[in-house]
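Participant: Structure provided below as structure tokens; questions to follow.
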Amino acid sequence: MNPVLVAGDIKVSFLKENQKRLFGRERQQVLRGVSLTLEEGECLGIIGESGSGKSTLGRVLAGLLPPESGVVYINGKNLYGRHSAHDMAALHHSLSVVFQDYTSSANPRFRVEHIIGESLRALERLEGRAVDRKRRVAELLEQVGLPASYASRYPHELSGGQLQRVCIARAIAVNPRVVLLDEAVSSLDASTQVQVMDLLMELRARHGLSYIFITHDLTSITYFCDRVLFFNSGRVVEQVDDMRLLSAIRDPYARQLLDAVMGIGVEHGSARQRLASPLVRRPDALGAAS
Amino acid sequence: MTAVLEVRDLTVRFRNGKRLTSLVERVSFAVRRGGCLGILGESGSGKSMSCKAVLGLLDDNFQVEGSALFEGRQLLGEHPEVLRRLRGGRIGVVLQNPMSCFDPLYRIGEQMAETLAEHTRLSRNGIREKSLELLELMRIRSPEDVLRKYPHQLSGGMLQRVMIGLALSLRPALIIADEPTTAIDSISQYSIMQEFLRIKQAGETALIFISHDLGVLSLIADEVMVMHGGTAVESGPAARIFAEAQDGYTRHLIRQHKAVMSRFLSAIHQRPEVAA
């Protein structure tokens, strides 16, 4: 296996919103040295609560925010290095992003065919050859499980799940190696979430994609990912390389996430003792929860 | 035990010019004191619409039929002013997006005081003490500071807790929670659910809990009603529905949820569990 994406010791800080004094230059450290490796064809989950810096990391990996220090390599090329315009475009096209807020990431005055067509146009420019856009849009729609007749619809004529599928189609239209899913399923209905995750798994097998899946929901990580990084206040606090070893995590923050899972089968309170030992081993957490 | 809220054959239609579009079709449910009814359904299934109709939050564009008895009193067709006094007083409501429920231009303390002044005869000091007490009840750290803060200075989870505290403040007989944990990260979600569980265990109030997430409902609901396309496709005790749902749509939802959960459980237990 060879890594598709390598990030080393990424640090990012922002100027603080409310400074102590006039013209103050206090900075807030958002990422404190994050390193990660994404292997070919795998799905890496990044989990953390809101404000932990996971979306900032996503922006750094997508080439949207140069880090203060640290490096990002995609396919062995430095994302923030000096390249010719063509190489740079190719590099940026090897990673696509799907965002959480599907309504604001699709232009409301574009039809579906133009939303996806934008990606195809970028691809045409890069490869210097024409693409039969109409046919390709129909193909892509079919791949994400939508009828080709949707091509002439506007975003408001689609449901949330359908529009998110269009965003996924747009992301895979440029033939990327890596797709960054930044809370891509979080604002969908629970049942639609599963459908979209199933779709993503199918696409991964078909196109040999690698995913970086950023979320705050641990159940979707276990459903979907091969490895997981627990993220807290700008640091990776725990890494699980084998999902079967998830119960062995030690970091208190990661455990808290594990305990916050609700669902059929995970009974809290009375039936909790029925669960395997890892959850019962921490009487302090149980006391706080009940 | 008699029901706190009993809704029968509730039908909501939307007036679209001369045509009537049916949004909710003959839905019946009841919830008793200390009990919790979970309403499950995807977006657009009419679950919020039913509750809004009961609370009298729909305008003249909607036609509401049926009956809704709250403590033996008919709510449908009641004077809006009477309903307004009921809401926030005897009936507490917690809505989905805590950020948009608060006015961004007023401090938390002022907004809490507004509700308390409307429904109680407390003095200014009394209101302040009551607000502090509520924040403490909701386990918010340094409540004095929070009272002086603006909504944007608090996290979604904190705001939602303030909302729940306010909903509880007047000892309502019924709390309607409309997707209170959606759009909040999972740790805050869990702690908010703990607050609701405490309310339920206190046994004073009836809870109606609306959600699209089976995981949340499995934690709190005694009874579940599943809505799909404006009708109640299934209702009954939670345990029975989760184990042996009759309706195809319900079974589909539960199967999906269990598929996700079985992966999670097998991951944390290192052995396969819960047949999907």
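Participant: Considering only the stretch B:107-137, state which residues are farther than 23 Å from B:Leu86 by Cα and surrounded by 17 or more Cβ atoms within 10 Å (Cβ to Cβ).
Facilitator: Once the filter is applied, which keeps residues that are farther than 23 Å from B:Leu86 by Cα and surrounded by 17 or more Cβ atoms within 10 Å (Cβ to Cβ), the stretch B:107-137 yields B:Arg107, B:Leu132.
Participant: I'd like the full set of residues that are out of contact with any Leu (no Cβ under 8 Å at 6 or more places or on another chain), away from chain A (no Cβ under 11 Å) and in a helix (DSSP H, G or I), limited to the stretch B:168-195.
Facilitator: B:Glu195
Participant: In the stretch A:46-64, what residues are assigned to a helix (DSSP H, G or I), of a type in the set (Gly, Ala, Ser) and either more than 20 Å from A:Ala254 (Cβ to Cβ) or more than 13 Å from chain B (Cβ to nearest Cβ) (or both)?
Facilitator: Kept after step one, since they are assigned to a helix (DSSP H, G or I), are these residues of the stretch A:46-64: A:54-61.
If we keep only those that are of a type in the set (Gly, Ala, Ser) too, we end up with A:55, A:58.
Selection gives A:Gly58 alone.
Participant: Moving on to the next point. Considering only residues that are in a loop (DSSP other than H, G, I, E, B) and touching a Gly at 6+ places or on another chain (Cβ under 6 Å), look in the stretch B:213-233 and name the one that is farthest from the other protein chains (Cβ to nearest Cβ).
Facilitator: Taking the stretch B:213-233 and keeping what is in a loop (DSSP other than H, G, I, E, B), we get B:213, B:221-222, B:229-230.
Next, from what is left, pick out any that are touching a Gly at 6+ places or on another chain (Cβ under 6 Å): B:221-222, B:230.
Numbers: B:Ala221: 11, B:Asp222: 14, B:Gly230: 16 Å.
Among those residues, the one meeting the criterion is B:Gly230.
Participant: Hey, among the residues in the stretch A:133-161 that are touching a residue at least 40 places away in the same chain (Cβ under 8 Å) and among the aliphatic types (A, V, I, L, M), which one's nearest to A:Val185 (Cα to Cα)? Please lay out each step first, then the result.
Facilitator: Residues of the stretch A:133-161 that are touching a residue at least 40 places away in the same chain (Cβ under 8 Å), as a first pass: A:143-145, A:151-156, A:158, A:160.
Those still in the list that are among the aliphatic types (A, V, I, L, M) too: A:144, A:151, A:158.
On the way: A:Val144: 14, A:Ala151: 22, A:Leu158: 16 Å.
So the residue we want is A:Val144.
Participant: Hey, another quick one. Quickly run through the stretch B:196-212 and pick out the residues that are within 12 Å of another protein chain (Cβ to nearest Cβ) and within 22 Å of B:Met138 (Cβ to Cβ).
Facilitator: So the first thing to find is which residues in the stretch B:196-212 are within 12 Å of another protein chain (Cβ to nearest Cβ), and the list is B:196-198, B:200-201, B:211-212.
Residues satisfying the conditions are B:Phe196, B:Leu197, B:Arg198, B:Lys200, B:Gln201, B:Ser211.
Participant: Report yes if B:Leu58 is out of contact with any Pro (no Cβ under 9 Å at 6 or more places or on another chain) and closer than 24 Å to B:Thr182 by Cβ, otherwise no.
Facilitator: Details: out of contact with any Pro (no Cβ under 9 Å at 6 or more places or on another chain): yes; closer than 24 Å to B:Thr182 by Cβ: yes.
Criteria met by B:Leu58.
Participant: Restricting attention to the stretch B:27-40, does a residue exist that is in a loop (DSSP other than H, G, I, E, B), within 19 Å of B:Leu170 (Cβ to Cβ) and at pLDDT 85 or above? Don't jump to the end; show me each part of the working.
Facilitator: Keep residues of the stretch B:27-40 that are in a loop (DSSP other than H, G, I, E, B), which gives B:33-35.
Of the ones still in play, those that are also within 19 Å of B:Leu170 (Cβ to Cβ) are B:33-34.
Add one more test, that the residue is at pLDDT 85 or above, and what stays is B:33-34.
Yes, the stretch B:27-40 contains a residue that is in a loop (DSSP other than H, G, I, E, B), within 19 Å of B:Leu170 (Cβ to Cβ) and at pLDDT 85 or above.
Participant: Answer yes if at least one residue in the stretch A:186-204 is more than 14 Å from every other protein chain (Cβ to nearest Cβ) and in a loop (DSSP other than H, G, I, E, B), and no otherwise.
Facilitator: no
Participant: Where residues in the stretch B:143-167 are of a type in the set (D, E, K, R) and assigned to a loop (DSSP other than H, G, I, E, B), which of them is farthest from the other protein chains (Cβ to nearest Cβ)? Give the steps one after another, and end with the answer.
Facilitator: Step one: filter the stretch B:143-167 for residues of a type in the set (D, E, K, R), giving B:144-145, B:148-149, B:161.
From the residues that got through so far, the ones that are assigned to a loop (DSSP other than H, G, I, E, B) too are B:148-149.
Numbers: B:Arg148: 15, B:Lys149: 13 Å.
Within the stretch B:143-167, the match that is farthest from the other protein chains (Cβ to nearest Cβ) is B:Arg148.
Participant: Which residues, counting only those in the stretch A:15-47, are touching a strand residue (DSSP E or B) at 6+ places or on another chain (Cβ under 7 Å) and at positive phi?
Facilitator: Residues satisfying the conditions are A:Gly33, A:Gly41.
Participant: Kindly check whether there is at least one residue in the stretch A:152-161 that is crowded, with 18+ Cβ neighbours inside 10 Å, assigned to a helix (DSSP H, G or I) and within 14 Å of chain B (Cβ to nearest Cβ).
Facilitator: Scanning the stretch A:152-161, I find at least one residue that is crowded, with 18+ Cβ neighbours inside 10 Å, assigned to a helix (DSSP H, G or I) and within 14 Å of chain B (Cβ to nearest Cβ), so the answer is yes.
Participant: Let me ask you something else. Take the residues in the stretch A:70-126 that are surrounded by fewer than 18 Cβ atoms within 10 Å (Cβ to Cβ) and among the β-branched types (Val, Ile, Thr), then tell me which one is farthest from A:Arg59 (Cα to Cα).
Facilitator: A:Thr103
Participant: Still on this structure: Starting from residues that are buried (at least 20 other Cβ atoms within 10 Å of the Cβ) and more than 9 Å from chain B (Cβ to nearest Cβ), keep the ones in the stretch A:241-258 and report whichever is modelled with the highest pLDDT.
Facilitator: Residue satisfying both the conditions and the ranking: A:Ala254.
Participant: For the structure I just gave you, tell me whether A:Leu200 is of a type outside the set (D, E, K, R), modelled with pLDDT of 90 or more and under 15 Å from the mean Cα position of the chain (by Cα).
Facilitator: Details: of a type outside the set (D, E, K, R): yes; modelled with pLDDT of 90 or more: yes; under 15 Å from the mean Cα position of the chain (by Cα): yes.
When the stated conditions are applied, A:Leu200 passes them.
Residue-by-condition table, conditions (1) modelled with pLDDT under 90; (2) assigned to a helix (DSSP H, G or I); (3) in contact with a Gly (Cβ under 7 Å, 6 or more places away or on another chain):
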{"site": "B:Lys52", "(1), (2), (3)": "yes, yes, no"}
{"site": "B:Val64", "(1), (2), (3)": "no, no, no"}
{"site": "B:Ala68", "(1), (2), (3)": "no, no, no"}
{"site": "B:Gly89", "(1), (2), (3)": "yes, no, no"}
{"site": "B:Glu129", "(1), (2), (3)": "no, yes, no"}
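Participant: Same structure again: Please go through the stretch B:176-205 and give me each residue that is buried (at least 24 other Cβ atoms within 10 Å of the Cβ) and closer than 28 Å to B:Leu69 by Cα, ordered by number.
Facilitator: B:Ile176, B:Ala177, B:Pro180, B:Thr181
Participant: Quick one: count up the residues across the stretch B:87-130 that are farther than 25 Å from B:Gly157 by Cβ and in contact (Cβ under 8 Å) with a residue 24 or more places away in the chain. Break it down stepwise before answering.
Facilitator: As a first pass, look at the stretch B:87-130 and keep what is farther than 25 Å from B:Gly157 by Cβ: B:89-90, B:117-126.
With in contact (Cβ under 8 Å) with a residue 24 or more places away in the chain added as a condition, the list becomes B:89-90, B:118-120.
Looking only at that region, the number is 5.
Participant: Output the qualifying pairs, or none if there are none: Cβ atoms under 7 angstrom, residues six or more apart or on different chains, first residue in the stretch A:218-238 and within 13 Å of chain B (Cβ to nearest Cβ), second residue surrounded by fewer than 20 Cβ atoms within 10 Å (Cβ to Cβ) and of a type in the set (Phe, Trp, Tyr).
Facilitator: That search, which allows pairs on different chains as well, returns A:Phe230/A:Tyr253; A:Asn232/A:Tyr253.
Participant: With the structure loaded, tell me whether A:Gln19 is part of a loop (DSSP other than H, G, I, E, B) and free of Cβ contacts under 8 Å to residues at least 24 places away in the same chain or whether it fails that test. Talk me through it step by step, then tell me what you get.
Facilitator: Details: part of a loop (DSSP other than H, G, I, E, B): yes; free of Cβ contacts under 8 Å to residues at least 24 places away in the same chain: yes.
Taking the combined requirement at face value, the residue satisfies it.
Participant: Check B:Thr21 against each of (1) touching a residue at least 12 places away in the same chain (Cβ under 8 Å); (2) exposed (fewer than 15 other Cβ atoms within 10 Å of the Cβ) and name the one condition it does not meet.
Facilitator: Looking at each condition in turn, B:Thr21 falls short on (1).
Participant: So which residues in the stretch B:45-70 are surrounded by fewer than 16 Cβ atoms within 10 Å (Cβ to Cβ) and touching a residue at least 60 places away in the same chain (Cβ under 8 Å)?
Facilitator: Result: B:Ser67, single match.
Participant: Only residues that are within 14 Å of chain B (Cβ to nearest Cβ) and loosely packed, with under 12 Cβ neighbours inside 10 Å: list them for the stretch A:15-45, please.
Facilitator: Scanning the stretch A:15-45 gives A:Glu17, A:Asn18.
Participant: If I filter the stretch B:196-212 down to residues being outside any helix (DSSP H, G or I), farther than 23 Å from A:Ser187 by Cβ and of a type in the set (A, V, I, L, M, F, W, C), which single residue comes out as nearest to the chain's Cα centre (by Cα)? Steps first, please.
Facilitator: The initial filter retains those residues of the stretch B:196-212 that are outside any helix (DSSP H, G or I), namely B:203-212.
Going one step further and asking which of them are farther than 23 Å from A:Ser187 by Cβ, we end up with B:203-208.
Checking the rest, the ones that are also of a type in the set (A, V, I, L, M, F, W, C) come to B:206-208.
On the way: B:Ala206: 11, B:Leu207: 7, B:Ile208: 5 Å.
So, considering only residues that are outside any helix (DSSP H, G or I), farther than 23 Å from A:Ser187 by Cβ and of a type in the set (A, V, I, L, M, F, W, C), the one nearest to the chain's Cα centre (by Cα) is B:Ile208.
The values are calculated or read from the model by the stated rules, or taken from the named source; none is laboratory data. Worth saying up front: this structure is predicted, and the values here are computed from it rather than measured. Cβ atoms come from the backbone with ideal geometry, glycine included; neighbour counts cover every protein chain shown.
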